[in-house]
1. Identify, by number, the condition in (1) modelled with pLDDT of 95 or more; (2) charged (D, E, K, R); (3) surrounded by 14 or more Cβ atoms within 10 Å (Cβ to Cβ); (4) assigned to a helix (DSSP H, G or I) that Glu242 doesn't meet.
2. If only one of Glu135, Glu150, Glu145 is surrounded by fewer than 16 Cβ atoms within 10 Å (Cβ to Cβ) and within 19 Å of the chain's Cα centre (by Cα), which one is it?
3. Can you pull out the residues in segment 185-217 that are among the basic types (Lys, Arg) and part of a helix (DSSP H, G or I)?
4. Only one of (1) away from ligand 4 (no atom under 15 Å from the Cβ); (2) among the basic types (Lys, Arg); (3) in contact with a Gly (Cβ under 8 Å, 6 or more places away or on another chain) fails for Arg203. Which number is that?
5. Take segment 116-130 and flag every residue that is within 16 Å of ligand 2 (Cβ to nearest atom) and either without any contact (Cβ under 8 Å) to a residue 60 or more places away in the chain or assigned to a loop (DSSP other than H, G, I, E, B) (or both).
6. Residues to consider are Ser262, Ser187, Ser204, Ser177; find the one that is open to solvent by less than 30 Å² (accessible area, probe 1.4 Å), under 19 Å from the mean Cα position of the chain (by Cα), over 28 Å from Glu135 (Cα atoms) and in contact (Cβ under 8 Å) with a residue 12 or more places away in the chain.
7. If you take the residues in segment 55-69 that are modelled with pLDDT under 95 and surrounded by fewer than 20 Cβ atoms within 10 Å (Cβ to Cβ), which one is nearest to Ser132 (Cα to Cα)?
8. For Leu229, state whether it is at pLDDT 95 or above and closer than 20 Å to Ile56 by Cβ.
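The values are calculated or read from the model by the stated rules, or taken from the named source; none is laboratory data. Being a predicted model, the structure only gives us computed values, none of them experimental. Cβ atoms come from the backbone with ideal geometry, glycine included; neighbour counts cover every protein chain shown. Only protein heavy atoms, including side chains, enter the accessible area calculation; ligands, DNA and RNA are left aside. Shrake-Rupley method; radii C 1.70, N 1.55, O 1.52, S 1.80 Å.
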Amino acid sequence: KAKESGRNHYLLYEPSMDQSSHERMAKENALRKAVERNEWVLHYQPQIHVESGDVIGVEALIRWVDAEGRSIPPKDFIPLAEETGIIVPIGEWVLKEACMQNKRWQDAGYPRMRVAVNLSAAQFSKSNFTQSIEEVLKATGLDPECLELEITETMTTDVEKTRYILNELNRIGVQISMDDFGTGYSSLNYLKNFPIHRLKIDRSFVKDITTEESDARIVGVIVSMAHHLGLDVVAEGVETEEQVEFLRQQGCDAIQGYYYSSPLTAEQFEKKYLQSNSIRKMGAIE
Ligand code: C2E
Ligand code: MG
Ligand code: MG
Ligand code: MG
């Protein structure tokens, strides 16, 4: 009945198990197999600079393509991967793949841009986390400033430890963004305590900005607060032209959402954005 995280610890069926724990066990075993077989694919969603319309970066989003070729979205396996620790090898794969892909694009002569990678609690709290980031950067040859790490406030409870890790990451030169901003209990505490570069306004605030006065005001205040603190703002989940227009008026820096593009395979992204040369040179907006 192996419970440890990592590879090669398959769970065994026991007759006493009820239906749901049996299903969970099956899913956990499938996830471990997926790790061995590397059944992961990254999709890339562009972040568009509001003023120029150029791409300033991409967020890497994982998909699990199982043995039957089905593409399974993160919400259907990331929670279990986190509970079981399987997220650690998955997260390592994501980091390496995202950095490799970005470097490949740079080596192909496309303008430099940033790739953002989502982190999870288990990865972040591993004792050698910073070192593992340095190793990936070294192994792939990607410039640290071209890597952005997305953290959420649900990832950490220990303020001192988090601050220490984020300081280390700053020292290495990678960028930090706070994902899903506004959805947790201590968003402001985060801003107060931690060295981050960017805020991503959660989709739940963006959704109704053109119909709900209070949401519109909240987003306006988040943008202005972020700018007062010297942070860039990215709005997530932007789907309509009206939302883009509102965000532009509020001075939001960048937009990520279906209005511009859903997450694309590397090949699709390259065709649609890199080959058409709509990438804004890094640093051009800072
Ligand atoms: P997130 O980091 O907040 O990513 C944004 C999610 O919103 C993505 O869902 C994206 O496809 C979706 N999205 C983007 N634009 C729109 C829009 O205009 N409308 C709507 N309705 N949705 C939009 P996705 O790819 O299913 O990922 C869901 C979550 O799974 C992510 O939320 C992130 O928390 C997690 N995730 C994804 N990839 C990874 C990963 O490699 N590692 C970890 N630890 N978590 C990941
Ligand atoms: Mg994210
Ligand atoms: Mg988010
Ligand atoms: Mg999220």
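1. (3)
2. Unique residue meeting the criteria: Glu145.
3. Scanning segment 185-217 gives Lys192, Arg203, Arg217.
4. Status for Arg203: all satisfied but (1).
5. Within segment 116-130, the subset within 16 Å of ligand 2 (Cβ to nearest atom) is 116-121, 123-124.
Val117, Leu119, Ser120, Ala121, Gln123, Phe124 - these are the residues of segment 116-130 that are within 16 Å of ligand 2 (Cβ to nearest atom) and either without any contact (Cβ under 8 Å) to a residue 60 or more places away in the chain or assigned to a loop (DSSP other than H, G, I, E, B) (or both).
6. Only one candidate passes the filter, namely Ser187.
7. Asp66
8. Working: at pLDDT 95 or above: no; closer than 20 Å to Ile56 by Cβ: yes.
Judged against the criteria, Leu229 is not a match.
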